[in-house]
Amino acid sequence: MKCCSVCGSTFDKIVKSQRIGCAECYYTFADEFRATMESYGISGEYKGSLPKRLKGYRSILVDRMTMQIKLEEAVAAEDYEKAALYRDYLKVLNHGTETKDGQQ
Amino acid sequence: MARKQKTDSSNSKNDSSDIWFAQSGKYDDVVISTRARLVRNLADFPFPVKMSDDDRRRVQSLVYDAFSGAEEWRFLDLSQVSEPGKQILRDKNILDEDCGAAVINYKDESTCCLVNGIEHIKIISFNSGLDCEKTMEKVYKTDEFLQEKLQFAASIDFGYLTSQIKDCGTGLKFSVRVFIPSIVLSGQFESTVALVRSKKLSIKPVFKSEQIADFSNCLFDIGTTSCAEGTELDQMAGIHSVVSVILKTERKIRSEFADNNPTVVLNFFKQSWARAMYSLLLSYEEAVSIISAVKWGLQLKLIKGITETELNSLYYRVKDGHLKYLCDSYAFTFEDDVKSSVALQIKRLRTIVIQQAFEGIVNEKPVS
């Protein structure tokens with residue numbers, strides 16, 4: 001039976017206790033955790049923030065493009081409350097790059 | 001007769017107006033408060049379920065060191081805090097699970113950090129009314145501050161790693177407390193539930209009372225359920241959008257319902273008013289129902305002389321922990337049969353707090 005090499009948890013024990021033992025469990029049981037999340041209706045890659053040491057691979061350009069897509073989707077869905085929020089954040093991101101350009 | 005003293009003191013440290021729940025908030029006729037919470041685990045320790053006592057002490061000590069030197073934060077080792085002290089923290093929604101320590105920003109007590117609960121660190125922030133952005137900003141400011149000194153467990157695939165699979169990802173969850181009597185009484189609650197669920201949010205009653213005309217039935221917590229879908233901004237925008245729709249619906253229905261059911265509305269209000277003014281001993285649930293009915297009366301312009309902010313703050317001022325603190329701190333003279341029981345003293349004092357708060361209320365419409 002697969003067992004976490006750091007804390008000794010098995011997947012069965014995690015399911016029973018509803019508690020994950022340590023960070024290493026996420027690598028040991030990655031497939032099982034993915035399947036569990038899918039059963040909750042959560043799929044696709046993680047898109048949120050990360051600690052500084054991990055987040056270098058995302059750029060402001062990607063953030064701006066993503067925000068623009070979200071804004072368009074919200075407008076298409078007529079969710080104007082959401083669209084207003086995305087528009088405000090897009091303005092901030094655009095302003096950030098304009099300031100940077102100005103400084104350069 | 002219990003001797004009345006001024007009871008408007010929210011705790012030992014702060015002036016009552018400094019506390020976040022005594023401050024006015026956006027749309028506070030419908031939204032009582034917004035709460036955000038962020039969970040994190042330290043990278044080099046097992047998660048709490050697998051921690052030894054030594055690990056626990058080391059984690060607590062690292063968090064203590066991270067906060068040391070930071071102004072306006074107070075570290076509380078909960079093993080040294082008395083039960084009444086813990087009750088006050090529970091009443092303020094600061095302490096919502098068993099944990100080893102709490103670090104509280106004592107400026108307005110709107111941000112705190114629990115240590116060694118289900119996760120190593122849980123940062124919680126509150127705001128009056130609807131303000132998801134500001135509430136999120138406060139938890140992330142604390143997170144950023146801690147990340148200067150602590151390294152949190154995370155992976156590119158799963159985001160921040162947590163003890164509970166539903167919390168991994170951003171570690172962020174929102175909860176918004178709403179007061180929606182018009183939606184409930186007009187029979188439109190089911191469509192609200194359907195809207196909330198269609199957006200993958202949860203809706204839970206704050207109290208579960210059997211009585212239909214009990215206004216504590218009209219308070220609900222709407223919350224996000226997953227930390228792994230979308231970015232923090234998506235999660236915040238999702239709940240903000242749904243609550244904004246509920247807010248507009250409640251306001252729209254409110255005036256229509258009152259215009260079409262003047263006697264029913266007046267009856268609800270008068271019953272609650274009579275309970276407030278003629279009771280001697282009130283339970284917390286009864287008090288919440290009364291405060292909520294008066295809040296509705298204010299919105300329907302049946303009364304004036306009290307504000308939404310004062311009523312929202314009263315929800316916290318009539319909780320057990322705060323009243324016990326008042327009983328212990330001031331010399332109240334209770335009736336002989338009340339003196340012998342702390343539970344009765346708290347109920348008696350709760351009634352006095354409510355009656356004092358309602359002293360300035362005048363009827364806008366004849367209610368006799």
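Read the figures in this text as sums done on the coordinates, not as results from a lab. Keep in mind that what you see is a predicted model, and the values were worked out from it rather than measured. All Cβ positions, even for glycine, are placed from backbone atoms using ideal geometry, and neighbour counts span all protein chains on display.
Observations, loosely collected:
- Positive dipole terminus of region B:225-339, leading residue within B:G305, B:A276, B:F332 (C-beta point charges): B:G305
- Average other protein chain Cβ within 10 Å of Cβ, residues A:68-78: 1
- Using C-alpha pairs under 8 Å with a sequence gap of at least 6, the mean separation divided by the residue count of chain B gives a relative contact order of 21 percent.
- For the residue pairs B:K252/B:K301; A:K2/B:K50; B:K270/B:K347; A:K70/B:K252, the alpha carbons lie more than 25 Å apart in A:K70/B:K252.
- Projecting label points 7 angstrom from Cα along Cα→Cβ for A:M65 and B:D53 puts them 5.6 nm apart.
- Overall form of chain B per C-alpha gyration tensor (a/c, 1.5; a/b vs b/c): oblate
- Kyte-Doolittle mean at least 0.0 and Cα axial length at least 20 Å: DSSP H helices in chain B: B:262-278, B:284-299, B:342-357
- Inter-chain shielding of A:7-14 (mean C-beta neighbours from other protein chains, 10 Å cut-off): 2
- Take every pair of alpha-carbon atoms less than 8 Å apart whose residues are at least six positions apart; their mean separation over the length of region B:153-206 yields a relative contact order of 15 percent.
- Paired Rg and Dmax values of region B:66-105, which use every Cα atom, in angstrom: 10.5, 28
- Cut-off 11 Å (backbone N to label point 7 Å along Cα→Cβ of B:N260), residues of region B:179-208: B:186-188
- Most mobile of B:T231, B:T135, B:T192 in a GNM of chain B (Cα contacts under 10 Å): B:T231
- Model label points for B:D221 and B:V342, set 7 angstrom from Cα along the Cα-to-Cβ axis, are 2.5 nm apart.
- From most to least packed by mean Cβ count within 10 Å, the peptides B:295-301, B:324-330, B:110-116 give B:110-116, B:295-301, B:324-330.
- Calculated P(r) tail over 32 Å for the protein assembly as shown, as whole % of Cα pairs: 47
- Taking chain B as a Gaussian network of alpha-carbon nodes connected by springs under 10 Å, the highest mean-square fluctuation of the residues B:V288, B:V342, B:V103 belongs to B:V342.
- FRET efficiency estimate (nearest 0.05) - Cβ-Cβ, B:K200 to A:D31, R0 22 angstrom: 0.40
- Placed amide H near B:A154: partners under 5 Å, 5+ positions off or other chain: B:L161
- In a fully extended conformation the segment linking B:Y330 and B:E72 would gain 90.2 nm over its present Cα-Cα distance, using 0.36 nm per residue.
- Paramagnetic reach from B:D18 (point 7 Å along Cα→Cβ, amide N under 16 Å) across region B:90-105: B:104-105
- Measuring spread by the Cα atoms of region B:269-341 yields a radius of gyration and Dmax of 14.0, 41 Å.
- Qualifying trypsin sites (Lys or Arg not before Pro) in region B:107-175, DSSP loop, other Cβ atoms within 10 Å at most 15: B:K107, B:K149
- In nm, spacing of pseudo-spin labels at B:E148 and A:E73 (7 Å Cα→C-beta vector): 3.5
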